[in-house]
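The values are calculated or read from the model by the stated rules, or taken from the named source; none is laboratory data. Not measured: the values here are computed from a predicted model. When we count neighbours, we look across all protein chains shown, and the Cβ atoms used for this are built from the backbone with ideal geometry, even at glycine. Side chains included, ligands, DNA and RNA excluded: accessible areas come from the protein's heavy atoms. Shrake-Rupley method; radii C 1.70, N 1.55, O 1.52, S 1.80 Å.
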Amino acid sequence: MSERSAPGRGSGAPHPDAGLEAATKNEVQHLPSDSPVRFVTPDGELAPRAERNGYEFPSEKLLLSAYRAMVVGRRFNTEATALTKMGRLAVYPSSRGQEACQVGGVVVLDERDWLFPTYRDTVALISRGIDPVEALGLLRGDWHCGYDPMATRTAPQCTPLATHMPHAVGLAYAARRRGEDLVAMVYVGDGGTSEGDFHEALNFAAVFNAPVVFLVQNNRYAISVPLSRQSAAPSLAHKGVGYGIRSEQVDGNDAVAVVSVLSDAVAFARTGRGPVLVEAHTYRMDAHTNADPVGRYRDASEAEEWIERDPMTRLEAYLSAAGVLTDSDIKAANDAAEDFATGMRPQLNANPEVHPLEIFDYVFAEPTPQLREQRSQLEAELAQEA
Ligand SMILES: Cc1ncc(C[n+]2csc(CCOP(=O)(O)OP(=O)(O)O)c2C)c(N)n1
């Protein structure tokens, strides 16, 4: 636990109704740091201690597992993008450049915790141990969701912006009322913070003290719309403050800082002291998806500049200089990533056998009249074609 969250420390396991009385509210510092929390400079050197804003250094073990997962994640991003070019994947929203956030939000979770991802967050899914082929089910167009959300404690990837946020809050609040101490980690983009569901979720979470960590990956663009056209707030982290949520901003390309701030946020939420919002400043190095003409709204030189702040090279440089990572560890991580990518290829090259009518199953426990009608329309069309 960091100095920063110390005021509420020791509150112990919460009463299931703890949300109704946020005892620590007045003691909690809600305002984010003036500049994003940082541990490591882009060159891989230690940043001045003051930039940590009181957060603690993560363990070497956690950083090493984050590093390995990031190497796999980077390789997965290139493989999935290649699969779109070969026509094996309908669409892929790459998170290249955002691997510190993708992995950082997952390595701080326990098995009991829930993850609520968006379409951008497939690397977070594989970092949680979800089979890569199952993780690509939605983007391949086979299923609404290719993995079992209950077994993996991972909600389906959400395509409508921010609609998963109230779900996460509801799940976390219900779990707390049942006496469980799980935390829900919600990923959302900068564009998602302009949606009504974002604001409703934050308000509910704050009023009912729900154990949720909102991770805003501010990658600078909502497709082609730059941040300056999306928000006039001093930072996206400030959006949490208005709801009474402890909020923080972090350098999202510094994996050490991301892991530290998010570990602290998860511990804070787990001990019943309420939700936390973390804005991670990062950059989407690739296009929004493979179908996006990125050159029409941003300069190639901008992406070039961010290469210097690449989260992978930064963590690698830091861990190597600290003597935690050797050349053979780096090679082993890259070999494992290569095996991972080649391992998923045969399955993705095979044609999936999915019955078209299955698209209507599992949408709701009880299908709506509209779904039933659509299902019979398609059934009739298929019968005609047969
Ligand atoms: C409710 C809703 N409105 C519009 C869209 C269309 N849309 C898809 S992605 C996107 C931009 C999202 O940007 P951001 O939240 O920053 O996430 P990123 O894609 O950058 O990860 C928009 C507007 C949508 N999916 N859902």
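Tabulated data for the structure shown
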{"item": "For PHE340, net neighbour charge (Lys/Arg +1, Asp/Glu -1) across residues whose Cβ lies under 9 Å away", "result": "-2"}
{"item": "Global form of segment 37-77, assessed from the alpha-carbon gyration tensor, a/c cut-off 1.5", "result": "prolate"}
{"item": "In Å², nearest 10: area of SER228 left accessible to a 1.4 Å probe", "result": "100"}
{"item": "Quarter of the Cα convex hull surface for segment 16-168, i.e. its orientation-mean projected area (nm²)", "result": "11.8"}
{"item": "Bins of 5 Å, starting at 0 and running to the largest distance - Cα pair percent for segment 263-342", "result": "3, 11, 12, 11, 15, 17, 17, 11, 3, 0"}
{"item": "1.4 Å probe accessible area per residue over the chain, in Å²", "result": "44"}
{"item": "Sequence-distant aspartates and glutamates (8 or more away, or on other chains) whose Cα lies within less than 17 Å of LYS85", "result": "ASP286, ASP292"}
{"item": "Normalised contact order of segment 243-386, rounded percent, pairs of Cα under 8 Å and 6 or more residues apart", "result": "18"}
{"item": "Percent carbon-and-sulfur accessible area, the chain, ignoring ligands, DNA and RNA, probe 1.4 Å", "result": "52"}
{"item": "Highest-fluctuation residue, LEU46, LEU31, LEU64 considered, GNM on the chain with Cα pairs under 10 Å", "result": "LEU46"}
{"item": "Gaussian network model of the chain, springs between alpha carbon atoms under 10 Å - residue of PRO234, PRO156, PRO275 with greatest fluctuation", "result": "PRO234"}
{"item": "The chain, relative contact order [Cα under 8 Å, separation at least 6], %", "result": "24"}
{"item": "Overall Cα dimensions of the chain - principal axes, largest extent first, Å", "result": "69, 51, 38"}
{"item": "Globularity ratio of segment 243-286, using Cα Rg and 2.2 N^0.38 Å", "result": "1.25"}
{"item": "Rounded accessible area of SER65 (nearest 10 Å², 1.4 Å probe)", "result": "50"}
{"item": "Max mean-square fluctuation residue, GNM over the chain, Cα-Cα springs under 10 Å, options VAL103, VAL258, VAL225", "result": "VAL225"}
{"item": "Most to least accessible of HIS238, HIS167 (protein chains only, probe 1.4 Å)", "result": "HIS167, HIS238"}
{"item": "Segment 83-135, relative contact order [Cα under 8 Å, separation at least 6], %", "result": "32"}
{"item": "Mean residue ellipticity (222 nm) of the chain, computed from DSSP H runs ≥ 4 via -39,500 (n - 2.57), nearest 500", "result": "-12500 deg cm²/dmol"}
{"item": "ILE330, ILE245, reordered so the largest accessible area comes first (probe 1.4 Å)", "result": "ILE330, ILE245"}
{"item": "Residue order for TYR221, TYR119 - accessible surface, 1.4 angstrom probe, largest first", "result": "TYR119, TYR221"}
{"item": "Principal axis dimensions, segment 202-247 - Cα atoms, whole angstrom, descending", "result": "35, 17, 14"}
{"item": "Spin-label model distance (nm) - LYS85 vs SER301, 7 Å beyond Cα toward Cβ", "result": "2.7"}
